[in-house]
1. To the nearest 0.05, how large is the calculated FRET efficiency for residue 136 and residue 170 if R₀ is 25 Å and r is the Cβ-Cβ distance?
2. For region 103-224, give the share of DSSP beta bridges that are antiparallel, in percent and rounded to the nearest 5; count only bridges with both residues there.
3. If you line up the Cα atoms of the chain on their principal axes, what length do they span on each, largest first, in Å?
4. Stretch residue 47-residue 265 to full length: gain in nm at 0.36 nm per residue minus the Cα-Cα span?
5. Using Cα centres only, tell me the gap between region 156-172 and region 264-336 in whole Å.
6. DSSP loop (so not H, G, I, E, B), at most 16 other Cβ within 10 Å: list which trypsin sites (Lys or Arg not before Pro) in region 51-149 pass both filters.
7. Rank 286, 123, 59 by how far each Cα sits towards the positive end of the charge dipole of the chain (+1 on Lys, Arg Cβ; -1 on Asp, Glu Cβ) and give me just the farthest.
8. How large are Rg and Dmax for region 193-258 when calculated on the C-alpha trace, in angstrom?
Amino acid sequence: MAPSLDPEPDSVADVLANPLKQKPTLVAPEPEHCPGPESQQAGTADSCAGCPNQAICATAPKGPDPDIPLITARLSGIKHKILILSGKGGVGKSTFTSLLAHAFATNADQTVGVMDTDICGPSIPKMLGVEGETIHISSAGWSPAWAMDNLAVMSIQFMLPNRDDAIIWRGPKKNGLIKQFLKDVEWGDLDFLLVDTPPGTSDEHLSVNTYLKESGIDGAVMVTTPQEVSLLDVRKEIDFCRKAGIKVLGLVENMSGFVCPKCTHESEIFKATTGGGRKLAEEMGIAFLGSVPLDPRIGMACDYGESFFDSFPDSPACRALKGVVKGLAKEMGLDPEVVMPEEQDA
């Protein structure tokens, strides 16, 4: 007989309805006529008199987060918000986020923001060439770092006294920083805000979904590599999005093959043993945005904080990424030729 989870996990509906709340630890079982430790009357109802849990229930947080309307107002100038998800580490989410940001920013008429919610492994500043920047605070809020005239970045990396310092935080503190990134950062008017997330379906993902839900999320882009080990976790991430009410805009298969820059022969590095990203997209009923091949020059561009689109516009990977951007634009109901005009796609 298979073992069961102990203690019994909270219901999915309860976690999604109250993602940032921690149930109060009671010192005695709930009595028969208990209004519930999370109700508005908890600790103050007539039936609470004499209960050992009365003081605990009375001081437990209740009701919606009062900061959510402030976040909604702060983000009112952002047209489109896109989450970059996977569930699996090492598939290139941050790399893809930086490439997608540069792709959108190739259109000088568009302003792009990138929010790095990978609190324990912030790599976006390095990839976008702003690792040495610091946050400036004014009466208007926190100012993001600008990698280009039309590309803004916010990450915990800017707040560390030493670039190699480890962030050893529990969930509530990470959730609090994500809230500050949304409530206190002066994002201004953006065409796109890309949210780079860590692996998993837990604290950071619940926080982002909760804080952004009222202001509106366009959807999520799933990133995977071809092998089944990666697809296993991506399936869970897609299930998370469906339960949380987040539209899945499509799936990108990263590192789908290696194209030799000299002979242009393509080799399968990660074999698609069960059909890869395209087959998964068909199974899950989501759009397949395209396959991006391995290119060592992408890693080099990220290491130096340069735009791969500017340095290698004719590479197979660059052409594939442009196809992904146009497919994503269609899924969002946008004109692909406006998002990435032909003269910048040559």
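The values are calculated or read from the model by the stated rules, or taken from the named source; none is laboratory data. Predicted model only: the values in this text are computed from it and were never measured. With ideal geometry, Cβ positions are generated from the backbone for all residues, glycine too; neighbour counts draw on all protein chains shown. When the accessible area is computed, the model is the full protein with side chains, heavy atoms only, and any ligands, DNA or RNA have been set aside. Shrake-Rupley method; radii C 1.70, N 1.55, O 1.52, S 1.80 Å.
1. 0.35
2. 40 percent
3. 80, 59, 40
4. Result: 71.0 nm gained on full extension.
5. Comparing the Cα centres of region 156-172 and region 264-336, I get a distance of 31 Å.
6. 62
7. 59
8. 12.4, 42
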